[in-house]
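Worksheet: the structure to be examined is printed underneath.
No value in this document is a laboratory result; all are computed from the given coordinates. The structure presented is a predicted model; accordingly, all values stated were derived computationally and were not measured. All Cβ positions, glycine included, derive from the backbone under ideal geometry; neighbour counts span all protein chains shown.
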There are 2 protein chains.
Amino acid sequence: MSNQLFIHINQFIEVNECEFQKILTFFNLCTLNKKDTILRAGNKCNLNFFVLKGCIQMYFFNDKGIERTVRFAIENRWMTDYLAYQNKTTTDFHIQAVEITEILAITYEKQEKLLTLFPKLEKYFRKVYETSYGKSLLMMKYLYNFSKEDIYFHFTEQSPELAQRLPQNLIASFLGLTPEYLSKIKNKNQS
Amino acid sequence: MSNQLFIHINQFIEVNECEFQKILTFFNLCTLNKKDTILRAGNKCNLNFFVLKGCIQMYFFNDKGIERTVRFAIENRWMTDYLAYQNKTTTDFHIQAVEITEILAITYEKQEKLLTLFPKLEKYFRKVYETSYGKSLLMMKYLYNFSKEDIYFHFTEQSPELAQRLPQNLIASFLGLTPEYLSKIKNKNQS
């Protein structure tokens, strides 16, 4: 299963089987049940996660106590609160499994050691973060520009697999809609 | 003036004067007047910018033709549309100077060559992108959570220099307010 990380890394840089076996020793493989929490708001953030199978969500509770999701990560995606991770501070976010999920987890210290031992992985992470940052700028454009209805249609168009796979309440939490309003939009479109 | 990039790089990795002089040959130094445009929506994005002095803004026009700013970059900040930059595609964003500005510009091809010649710069860019991505996740939390009034106060608290320096219409464009509404919030707070 961790073979996926091997394939993912090799999309950006060249790593051979022998090197990858050493790289893998820096990670812990974790199997999560639905709703298992791997990062809790108010705690220090010392882990970075790579999703092998399943889906995790990064969210917070707003002032009204409503869950708001800022990101989902499915297979081959990295996720953590990067500011808290690099500054070793407490996080404002929770991360939990949306479905039965397998992840590779690495601590900040181990990731730094890994990068010292395999400096070519710097390029891999540079590319991964560059892409993630680019996507978040585009997401901000959608948030600034689109009506809630348009954001939903954009989401289903850009991430059809995710739109099929995620429960409605989580899609609503991501798009800033009430589940009732999301249901209305969907029904309107189907009728 | 480009000495600033030398200092900035050395906050993350070690680069000596001699190496830096070689690094600098990959960049073009540009002086911009207020409102000079360095990236235009609809064009291919092939440049990455480092601000030496001044301020640039990244923005788009929404469906109603209103300018919406997604980011400002002041001294020691990098800015481009990273998705369009790495995919060599057209961008949805404009980037222009907010005030008289000096930047270092590098093309995608030159940045890749630079990183091949100085692989240790991979770590520098990895750290820069990691921080930028982390900040954008936090910004999304604010956009999702705060009232428009709270977003303004958070902005003045987190970026007092920027709040002082930027014209009101640009702050409004960044925070998603009309200049009139921003004026109201400010007056309410001063009274």
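Placing a pseudo-label 7 Å from each Cα along the Cα-to-Cβ vector at B:Arg165 and A:Ile7 gives an inter-label distance of 4.6 nm. Scalar couplings 3J(HN,Hα) for the range A:129-141, obtained by applying the Karplus form with A = 6.51, B = -1.76, C = 1.60 to θ = phi - 60°, are 5, 4, 5, 4, 5, x, 5, 5, 5, 5, 4, 5, 4 Hz; x denotes Gly and Pro.
Once both labels are modelled 7 Å past Cα along the beta-carbon direction, what's the A:Cys18-A:Asp36 spacing in nm? So the label points at A:Cys18 and A:Asp36 sit 3.4 nm apart.
Compare the peptides B:56-63, A:132-139 by average per-residue count of other Cβ atoms within 10 angstrom and give them in order, highest first. Don't jump to the answer; show the numbers that get you there.
Values: B:56-63: 18.0, A:132-139: 21.2.
Descending packing order for the listed peptides: A:132-139, B:56-63.
Over 24 Å between Cα atoms, which of A:Lys88/B:Lys53; A:Lys88/A:Lys113; A:Lys35/B:Lys148; A:Lys141/B:Lys135; A:Lys110/B:Lys123; A:Lys120/B:Lys113 qualify?
Numbers: A:Lys88/B:Lys53 30 Å; A:Lys88/A:Lys113 16 Å; A:Lys35/B:Lys148 32 Å; A:Lys141/B:Lys135 15 Å; A:Lys110/B:Lys123 16 Å; A:Lys120/B:Lys113 15 Å.
Result: A:Lys88/B:Lys53; A:Lys35/B:Lys148 exceed 24 Å.
Residues whose amide H lies under 5 Å from that of A:Arg77, counting only those 5 or more places away or on a different chain, are A:Val51; hydrogens are built 1.01 Å from N in the peptide plane. In plain terms, if you count all Cα to Cα distances in chain B and split them into 10 Å steps from zero, the share in each step is 8, 33, 35, 18, 5, 1 percent.
Might you report the magnitude of the Cβ-based charge dipole of the range A:17-151 about its Cα centre, with Lys and Arg at +1 and Asp and Glu at -1, to the nearest 20 debye? Intermediate values should be presented prior to the final figure.
On the way: 20 positive and 16 negative charges, 35 e Å.
I would put it at about 160 debye.
A cut-off under 13 angstrom between Cβ atoms defines the neighbours of A:Pro119, and their net charge, with Lys, Arg +1 and Asp, Glu -1, is +3. Shielding by partners for peptide A:139-149, expressed as the average number of C-beta atoms from other protein chains within 10 Å of each residue's C-beta, is 5.
Based on alpha carbons, the Rg and Dmax found for the protein assembly as shown are 21.4, 68 Å.
Taking loop as defined by DSSP and a crowding limit of 10 other beta carbons within 10 Å, which trypsin sites (Lys or Arg not before Pro) in the range B:1-96 fit?
Values: sites: B:Lys22, B:Lys34, B:Lys35, B:Arg40, B:Lys44, B:Lys53, B:Lys64, B:Arg68, B:Arg71, B:Arg77, B:Lys88; in loops: B:Lys34, B:Lys35, B:Arg40, B:Lys64, B:Arg77, B:Lys88.
When the trypsin sites (Lys or Arg not before Pro) of the range B:1-96 are filtered for loop state and at most 10 Cβ neighbours within 10 Å, B:Lys35, B:Lys64 remain.
The simple spin-label model puts a point 7 Å past each Cα toward its Cβ; for B:Lys184 and B:Phe153 those points are separated by 1.7 nm. Sorted shortest first, the distances from the A:Thr37 label point to those of the same residue in the other copies are 4.8 nm; each point sits 7 Å from Cα along Cα-to-Cβ. When each copy gets a label point 7 Å from Cα toward the beta-carbon at B:Glu180, what are the spacings between them in nm, shortest first? Ordered by increasing distance: 3.2 nm. Counting from the shortest, the label point at A:Gln11, 7 Å from Cα toward Cβ, is 3.1 nm from the same position in each remaining copy. Amide H contacts of A:Leu39: A:Ile95, each under 5 Å away and 5 or more positions distant or on a separate chain (H built 1.01 Å from N in the peptide plane; Pro and chain starts excluded).
Within 10 Å of each Cβ in peptide A:77-90, how many partner chain Cβ atoms are there on average? Round it to a whole number, please.
Working: counts 0, 1, 1, 3, 4, 10, 9, 3, 2, 4, 2, 0, 0, 0.
That works out to 3 on average.
How high is the FRET efficiency from B:Glu99 to A:Asn87, r the C-beta distance, R0 35 Å, rounded to 0.05? Write out the running numbers ahead of the final one.
Working: r = 30 Å, r/R0 = 0.86.
Taking R0 as 35 Å, the efficiency between B:Glu99 and A:Asn87 is 0.70.
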